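Q: Submitted below is the structure of interest, expressed as structure tokens.
The values are calculated or read from the model by the stated rules, or taken from the named source; none is laboratory data. Please read these numbers as outputs of a predicted model, since none were measured by experiment. Positions of Cβ are backbone-derived with ideal geometry, glycine not excepted, and every protein chain shown enters the neighbour counts.
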Amino acid sequence: MSLLKLEGVNTYYGPIHILQDLSIEVNAGELVCLLGGNASGKSTTLKTILGIVRSHSGRIEFDGEDVTTRSTSHRIGRGMAIVPENRRLFAPMTVLENLELGAYLHGGGAKEDYARVYETFPLVYDRRSQLAGTLSGGEQQMVAMARALMSRPKLMLMDEPSMGLAPILVERSFEVIKQVHESGVAVLVVEQNANVSLSIADRGYVLSTGRLVLEGKAGDLLNDEGLRKAYLGR
């Protein structure tokens, strides 16, 4: 069943046409990756899904509701959560306080929310009293994902989760993304790293200058010669 659906979405920054007739879909419980290079429109797609940037035309449906003209707060309340590029934690606050902010829609979170997050992210439990700004990049990534999970999302949106991380931390980060997905949360990962994204995804889309140029099952895309040359360096 479709959880998120974009149909013929066009988004502009002033006179510049960014997303051009974009149609993508994420089904309930599915892990989908959106691939593309710099300036391909990936981050704009996330901002449009969240309502941070309003589409000029087209339709955005989430969990059976037309949310095209609805506010960002409404969409978050309906069950979207974002793990933003570069984590964007509240550095002067503790890890626990960051988690509490993630759960503000649920009164700061129930015991079960914290238990689930700490089981998924043992390191977050260990660092719960530490200031978020003192954590390493990999640790901050774990906290950012944990904060998003505290909102009990139906769909987790992830913007460039591998950015700025060492290869071993990228691998660990994507292992956790897979774990989150296997818990029943649908995930849309926006990435340049096609190899690692497609290795855990169900399906993928490829953007180029705001247009959808390729889509399919993750395994098929991994074996697509054009994608391999463009994104996998083969």
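Q: Can you tell me which residue among Glu85, Glu61, Glu65 is closer than 23 Å to Val196 by Cβ, of a type in the set (Asp, Glu) and either modelled with pLDDT of 95 or more or under 14 Å from the mean Cα position of the chain (by Cα) (or both)?
A: Glu85
Q: Restricting to segment 135-150, what's the tally of residues that are in contact (Cβ under 8 Å) with a residue 40 or more places away in the chain and among the polar types (S, T, N, Q)?
A: Matching residues across segment 135-150 total 2.
Q: Follow-up question, since we're still on this one. Which one is surrounded by the most Cβ atoms within 10 Å (Cβ to Cβ), of the residues in segment 29-43 that are modelled with pLDDT of 95 or more and not charged (D, E, K, R)?
A: If we take residues in segment 29-43 being modelled with pLDDT of 95 or more and not charged (D, E, K, R), then Leu34 is surrounded by the most Cβ atoms within 10 Å (Cβ to Cβ).
Q: Only one of Ile76, Ile24, Ile52, Ile82 is hydrophobic (A, V, I, L, M, F, W, C), within 17 Å of Asp159 (Cα to Cα) and loosely packed, with under 15 Cβ neighbours inside 10 Å; which? Spell out how you get there, then give the answer.
A: On the way: Ile76 fails: loosely packed, with under 15 Cβ neighbours inside 10 Å; Ile24 fails: loosely packed, with under 15 Cβ neighbours inside 10 Å; Ile82 fails: loosely packed, with under 15 Cβ neighbours inside 10 Å.
When all the criteria are applied, what remains is Ile52.
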